[in-house]
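Presented below is the structure to which this report refers.
The values are calculated or read from the model by the stated rules, or taken from the named source; none is laboratory data. Note that this is a predicted model, so its numbers are computed, not measured. Here Cβ is always computed from backbone atoms with ideal geometry, including for glycine, and neighbour counts include all displayed protein chains. Protein only, heavy atoms only, side chains kept; ligands, DNA and RNA dropped before computing areas. Shrake-Rupley method; radii C 1.70, N 1.55, O 1.52, S 1.80 Å.
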Amino acid sequence: DGLPLSLVLERSGGALPTERALHVAEQVAGALAEAHGQGIIHRDLKPENILLTERRGEHDVVKVVDFGIAKIVVDSLGSEGAKEDPLSRMGTVFGTPHYIAPEQAAGGTIDARADLYALGCVLFQMLTGRVPFDGPSGIQVLIRHAREAPPHPRALNPGLPEAVSELVLALLA
């Protein structure tokens, strides 16, 4: 139940007001903290997997969905380093190119920081109306994530407070 953030962004002309974007991002971060606390890495966080709904009169209540390619990093006894399933083997790339962390794009071992990077990409998009890296093919987008620094958010949204720009760049570091 809810509208995908991708549709909300499309209907709003591509970007959201800063306060609204931060409200959404804060809730996504909370959902990721819960998942990470349970040893789960989402691996495909993107606007299509963030639903916005209304609950008890509160707007933009976030639901993070589609943990279909999530990686479990803690076994049932709670010990880290659990044996990986075949879908999580090193060298396999999962995720959506526009929101994927460089180490994930390279097929390397990932941890919760990959989801925070994806949140940075989503927040960048909510604030600027575009993704930090784009290109004519998925492979070219992945290469740009790995080799280029992201554009400064204020270059695309001059009214953005510097502290918010720094938050986005920290998530993309």
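Structure notes:
- Within the stretch 99-118: backbone nitrogen closer than 15 Å to the Leu156 label point (7 Å, Cα to C-beta): 99-100, 118
- The listed residues Asp1, Asp44, Asp66 rank as Asp1, Asp66, Asp44 when sorted by accessible area, largest first, using a 1.4 Å probe.
- Calculated accessible area for the stretch 9-70 comes out at 52 Å² per residue, all protein chains present (probe 1.4 Å; ligands, DNA, RNA ignored).
- Alpha-carbon centroids, the stretch 1-64 and the stretch 100-117: separation in whole Å: 20
- Of the trypsin sites (Lys or Arg not before Pro) found in the stretch 1-64, the ones in coil according to DSSP and having at most 16 other Cβ atoms within 10 Å of their Cβ are Arg56.
- Percent carbon-and-sulfur accessible area, the stretch 106-159, ignoring ligands, DNA and RNA, probe 1.4 Å: 55
- The slack between Lys63 and Glu148, meaning 0.36 nm per residue of separation minus the straight C-alpha distance, is 27.5 nm.
- Note that the stretch 38-52 has calculated 3J(HN,Hα) couplings of 9, x, 10, 10, 5, 6, 8, 6, 7, x, 5, 9, 10, 9, 10 Hz, one per residue in order, obtained from phi through the Karplus relation 6.51 cos²θ - 1.76 cosθ + 1.60 (θ = phi - 60°); glycine and proline are x.
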